[in-house]
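Each remark here refers to the structure printed beneath this line.
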Amino acid sequence: MTTDTAPDVDVAGVPATPRPETARTWKDTLAGGLLREARPKQWVKNVLVFAAPGAAGMLLDRDVLVDAVLAFVVFSLAASGTYFVNDARDVDADRHHPRKRHRPIAAGIVPLWLGWTVGVGLMAAAVGLAFGFGTWQLGVVIAVYLTLTLNYSIWMKHIALLDIAVVAAGFILRALAGGVATGVPISQWFIIVTSFGSLFMVVAKRRAELHDVGEDSATKTRAALADYSVDLLNHMRTVSSAVCISAYCLWAFERADEIGGAIWFQLSIAPFLLALFRYAMVCDQGRGGAPEEVILGDRMLQVIGLVWLGCFAVGLYVK
């Protein structure tokens, strides 16, 4: 139940951040707070579930597409559930953070008990849908994702290198979910490109964070960030991008030979390279706080992505 003003304290007795009456919008209602807490903008990362069936040229098959959409829905529920639980658990710390204090639970828009309830409910729904309407493999992938994500929020995010590996694993699990949900075989090239592409994005994010706060102030925002240096992150980004690019090139030429020498896969290498370079450039400029923010906020990267997708789609579906 909502009131006209934010409560002075929540059920845990922690002072909530007051909000001026004049600043109230639909976002300050309970429904708006629940929607914001679910973070639908983050769902763009779950598009990776379409990667495996898309790369295999099977997305035009109705049954495959339905299974892929189910995987997307399941991952969206699971991810939103972890956001609720994480914010409910960190409510005290968030209320002392200049940006996170505006999150619905920290601001008192969504009651703490409701945050826990919705979070656990969404995660349970994700697992139930995966096992009940998908495949047991999809259920296992979701369970592993939830286990990793919750442990990351509790302790893994504080350990350097492990924090990067876990976040990258989240992207890889999304891609694997699309394969196991649709029954599409996953090639070794797909796994390599996805793994090192995910590592590249996460390292670039850490590089952007370090750029924003500076090496001297890194411990104030993220404990593990203090163990990184700009040189180390640049080296990790170079290695991960080199492996990702090499694997993609080998896959493109192999795929072209498999379907009769289609040149479109080879042509897709150019926008693929440009997309990685543009992503790195945006992160170096300090605008790479999160992958979804980079993708949704950079017009040039979107154009390059569409060109790459066009080349890829013509090679797969136009005979």
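Quick notes
- Selected residue (only one of W136, W155 is within 28 Å of L232 (Cβ to Cβ) and of a type in the set (F, W, Y)): W155
- Within the range 113-135, no residue that is under 15 Å from R39 (Cβ atoms) sits with its Cβ atom under 6 Å from a residue that is of a type in the set (F, W, Y) and exposed (fewer than 15 other Cβ atoms within 10 Å of the Cβ) at 6+ positions apart or across chains.
- If you go through the range 293-319 and keep only what is buried (at least 18 other Cβ atoms within 10 Å of the Cβ) and assigned to a loop (DSSP other than H, G, I, E, B), you end up with just D298.
- Restricting attention to the range 136-150 and to residues that are closer than 19 Å to V184 by Cβ, without any contact (Cβ under 8 Å) to a residue 40 or more places away in the chain and not β-branched (V, I, T), the residue that is surrounded by the fewest Cβ atoms within 10 Å (Cβ to Cβ) turns out to be W136.
Here's the yes/no breakdown for (1) under 30 Å from G134 (Cα atoms); (2) modelled with pLDDT of 90 or more; (3) in a helix (DSSP H, G or I):
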residue	(1), (2), (3)
I164	yes, yes, yes
A168	yes, yes, yes
L173	yes, yes, yes
L176	yes, yes, yes
I192	yes, yes, yes
D212	no, no, yes
I245	no, yes, yes
E254	no, no, yes
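The values are calculated or read from the model by the stated rules, or taken from the named source; none is laboratory data. As the structure is a prediction and not an experimental result, all values here were calculated from the model. So basically every Cβ, Gly included, is an ideal-geometry build from the backbone, and we count neighbours across all protein chains shown.
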